[in-house]
Amino acid sequence: MTRSLCHIVAAADAGARLDALMAERGLYPSRSAAARAIEEGAVFVNGANVAKKHVVAAGDTVVYEAAEEAAPRALEGEPIDLDIRFEDEHLLVLSKQVGLVCHPSVDHYDGTLVNALVHHCGAANLCNVQGEDDRLGIVHRLDRDTSGLMLAAKTDEAGYALMEDIRARAVDRRYLALVHGVIPHDTGMVDAPIARAEKERTRMAVRDVPSARDAVTTFRVLERFEHGPRDDGYSLIDCKLFTGRTHQIRVHMEYAKHPLAGEPVYRSRAPKDPAADLGLERQFLHSFQLAFTHPATGEELSFADNLPADLQAALDSLADRSRGRTEAGEEVFELLRDAPRPRL
């Protein structure tokens, strides 16, 4: 079944093509889907059918047909193992395993971190600060195939405080990433806004459009590895997030011409030879350090998480090509020397 919805064109969108506008504003999942709906006569601008290349003006009324959304499933707890590093009545710190989606979505109704948290804590003992009943406990997220440390909150007070600290850049979140190419300078910053990609709505991209959001990532080079016959070398880097955009590090490093090893999506500048991905089946990205002020006690808490087995194996395979660690590299590996490895 379908339903008719209405969208009023904002002044900032004046002059845009109709199909591009509808994709950019999320009225349809992609530009091709919007174009198809327009061609099928399911879209009207000011009461008239128009072409997909029609240029809209501020104040135009766009009426379009959209599929009825299925009724959401009831959220249930599931006995999914969690690698918990800290827990009290206010919050948890855990090491998220590869393949675990943070919260239910169209593609993942169950088997998520939220389902695991509900089973572990009970739905009544988790914060609900994301505005969605299926995101209990969530204050920030990691991609499905990004492993490592993350926070969850039990009370709304703790959840709101942690989210505010994240926005204020008071939560120190650091990631280990192995990227293609040898980065010559020891430090760097990518300050580039991120929005949905123009043609593929499941991708993010650096774009200069009204819907783009500021995104800042800094990094330090920890170790460099010489190029081989099938690759252009590698750099192990420590990335710090100053904002928390979807796929931020993955998008920013592709934009900087150093995509992540093993990256399945953001790899336009990666070597084409599959061997260059070192046998990895997911992006080399691990949340290895998390430091924050406890919102209830005021205690300064810091956690470190060593590399999981698949990422460690990829790094070990490059050992004989190392140019040596930087000062920052020695600091990070000293931190990780006694850090626990992910249990899951």
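The values are calculated or read from the model by the stated rules, or taken from the named source; none is laboratory data. Note that the structure is a prediction, hence the values are computed from the model and not measured. In this analysis, Cβ positions are derived from the backbone assuming ideal geometry, glycine residues included, and neighbour counts consider all displayed protein chains. When the accessible area is computed, the model is the full protein with side chains, heavy atoms only, and any ligands, DNA or RNA have been set aside. Shrake-Rupley method; radii C 1.70, N 1.55, O 1.52, S 1.80 Å.
Assorted remarks:
- Checking each residue in the stretch 102-133 for being under 24 Å from Leu307 (Cα atoms) and in contact with a helix residue (DSSP H, G or I) (Cβ under 7 Å, 6 or more places away or on another chain) picks out Cys102, His103.
- Total residues in the stretch 154-169 satisfying the condition of being loosely packed, with under 15 Cβ neighbours inside 10 Å and either under 19 Å from the mean Cα position of the chain (by Cα) or β-branched (Val, Ile, Thr) (or both): the figure is 4.
- Residues considered: Arg282, Arg323. Of these, the only one that is charged (D, E, K, R) and either in a loop (DSSP other than H, G, I, E, B) or touching a helix residue (DSSP H, G or I) at 6+ places or on another chain (Cβ under 9 Å) (or both) is Arg282.
- Scanning the stretch 278-309 for residues that are surrounded by 14 or more Cβ atoms within 10 Å (Cβ to Cβ) and within 23 Å of Val182 (Cβ to Cβ) yields Leu278, Leu280, Arg282, Gln283, Phe284, Leu285, His286, Phe288, Leu307.
- Qualifying residue in the stretch 180-188 (condition: of a type outside the set (S, T, N, Q), modelled with pLDDT under 95 and surrounded by 15 or more Cβ atoms within 10 Å (Cβ to Cβ)): no
- Filtering the stretch 39-49 to residues that are under 20 Å from Glu198 (Cβ atoms), open to solvent by 10 Å² or more (accessible area, probe 1.4 Å) and not acidic (Asp, Glu) leaves nothing.
- With respect to the conditions (1) of a type in the set (A, V, I, L, M, F, W, C); (2) surrounded by 13 or more Cβ atoms within 10 Å (Cβ to Cβ); (3) part of a loop (DSSP other than H, G, I, E, B), Ala58 falls short on a single one, namely (2).
- If you filter the stretch 206-217 down to residues that are open to solvent by less than 40 Å² (accessible area, probe 1.4 Å) and closer than 18 Å to Tyr28 by Cα, you find that the one that is nearest to the chain's Cα centre (by Cα) is Ala212.
- 2 or more residues of a type in the set (Gly, Ala, Ser) and touching a helix residue (DSSP H, G or I) at 6+ places or on another chain (Cβ under 9 Å): qualifying strands (runs of 3 or more DSSP E) within the stretch 136-252: 147-153
- Flag for Tyr28 being under 22 Å from Ala195 (Cβ atoms), part of a strand (DSSP E or B) and hydroxyl-bearing (Ser, Thr, Tyr): no
- Qualifying residue in the stretch 74-86 (condition: aromatic (Phe, Trp, Tyr), under 24 Å from the mean Cα position of the chain (by Cα) and surrounded by 13 or more Cβ atoms within 10 Å (Cβ to Cβ)): yes
- Residue within the stretch 255-277 that is assigned to a helix (DSSP H, G or I), out of contact with any helix residue (DSSP H, G or I) (no Cβ under 9 Å at 6 or more places or on another chain) and open to solvent by less than 60 Å² (accessible area, probe 1.4 Å) present: yes
- Residues of the stretch 189-205 that are open to solvent by 40 Å² or more (accessible area, probe 1.4 Å) and at pLDDT 95 or above: Met189, Asp191, Pro193.
- Yes/no for Arg36 being within 24 Å of the chain's Cα centre (by Cα) and surrounded by 14 or more Cβ atoms within 10 Å (Cβ to Cβ): no
- Any chance Leu344 is of a type in the set (A, V, I, L, M), at pLDDT below 95 and surrounded by 15 or more Cβ atoms within 10 Å (Cβ to Cβ): yes
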